[in-house]
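**Q** The structure under discussion is supplied below as structure tokens; questions concerning it will follow.
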Amino acid sequence: MSVSIIILNYNGKHYLKECIDSVLSQSYRDFEIILVDNGSSDGSIEYVKQQFNDDRLKIFSTGENLGFTGGNNFGFCYANGDYIVLLNNDTVVEKNWLEELINSVKNFENAGLVQSLVLTEGIPDKYYQKNGTVNLLGHNIMEIFGIDMNGNGEIFLASGSSLIFYKNILKQKNEIFPEEYFLYSEDTYLSLYSIFSGRRNYHTSKSVVHHKGSGTTKKEKTSIITFYQERNRILNFLIFFNFYILIRLIPYFFLNFLLKLVLSLISNRYSFKGILKSYFWILSNPGTIKSRRREIKKIKIAKDRDVLLFLSCKLFNGNNIFEIIVNNISKTYCLITGLRTVEFIKK
């Protein structure tokens, strides 16, 4: 089966030789690389054309920065493969990376998304022993889903750094992600889309990727980062979940808004402007949200309460006294209101 590997680039010239060399050296040969340049100003396109002469490498330019979502959607329009792979440009993949992804998505039961083992610089080894999920605010919660002795496991959140899916899971859609996301939480969107459409998401440690991390976004302005991070996290819930669950999530959204607004005033962790802008966008764009909800309703097979079981009620990853107390309060609230998350599954 043919594979289209979409690699998005934005001023990542210094990453491209290692990345593309490693992909072209794969044991699995039936693939095309769709390199999408997102309006770079560092001569990336010219560099790649000079360095590589391989018919499997196809180069496209958007002419402007369309973000992670727009750039991948642009590449998707030119994808001819039966399978779609998304791969970050700041990665180096091992020789059997693609072969193992193909074997996994073909052989795992009802597979929607399959992610590689992504070894990111600076991440402690203990976080590779289990996979994480997101909580009821869309933040990452670590060490939730186990990995068996073969390096496989069912998960919720498939990392956009390296994942594969069968093209047909998108039905007649001409995009992978909603254009308005731009960047951040788009892998959560795709993971929710897969599970709500009746599929299952998996991890395989046999497909290995070495990832440098934050190669594109670390130089962006804090207000822009805060806006997309906060807006998109909440937007995922507003698009996918039914009214009865959203009503019970309002206290989380409200406290999240207040806490981060305060933190933006006393630290540089969040942007005050970015927080206000994110919630203003949500309140002023009900039409867009309603339209996206209608699209998702057409593909929904899994029940909301079953998908909720893949998420976490924890608000913090840590184990200090404050975080333990807050996490227990959150769990008690979920118990009272009937929000059953992964913590409520009987072991």
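The values are calculated or read from the model by the stated rules, or taken from the named source; none is laboratory data. Because the structure is a prediction, the values reported are computed rather than measured. With ideal geometry, Cβ positions are generated from the backbone for all residues, glycine too; neighbour counts draw on all protein chains shown.
**Q** I'm trying to understand the selection: among the residues of region 197-209, which are surrounded by fewer than 19 Cβ atoms within 10 Å (Cβ to Cβ) and either more than 27 Å from residue 303 (Cβ to Cβ) or modelled with pLDDT under 70 (or both)?
**A** Scanning region 197-209 gives 205, 206.
**Q** What is the residue count in region 266-276 for residues that are among the hydrophobic types (A, V, I, L, M, F, W, C) and in contact with a helix residue (DSSP H, G or I) (Cβ under 6 Å, 6 or more places away or on another chain)? Explain how you work it out, then say what you get.
**A** Here is the first cut: in region 266-276, the ones among the hydrophobic types (A, V, I, L, M, F, W, C) are 266, 272, 275-276.
Next, from what is left, pick out any that are in contact with a helix residue (DSSP H, G or I) (Cβ under 6 Å, 6 or more places away or on another chain): 272, 275.
Residues meeting the conditions: 2.
**Q** To continue, here is another question. Which of (1) among the aliphatic types (A, V, I, L, M); (2) farther than 25 Å from residue 205 by Cα; (3) surrounded by fewer than 18 Cβ atoms within 10 Å (Cβ to Cβ) does residue 149 not meet, given it meets every other one?
**A** (2)
**Q** Suppose we filter 16, 35, 8, 24 for residues that are of a type in the set (A, V, I, L, M), in contact (Cβ under 8 Å) with a residue 24 or more places away in the chain, out of contact with any helix residue (DSSP H, G or I) (no Cβ under 9 Å at 6 or more places or on another chain) and in the same structural domain as residue 164 (by TED's automatic domain parsing); which single one remains?
**A** 24
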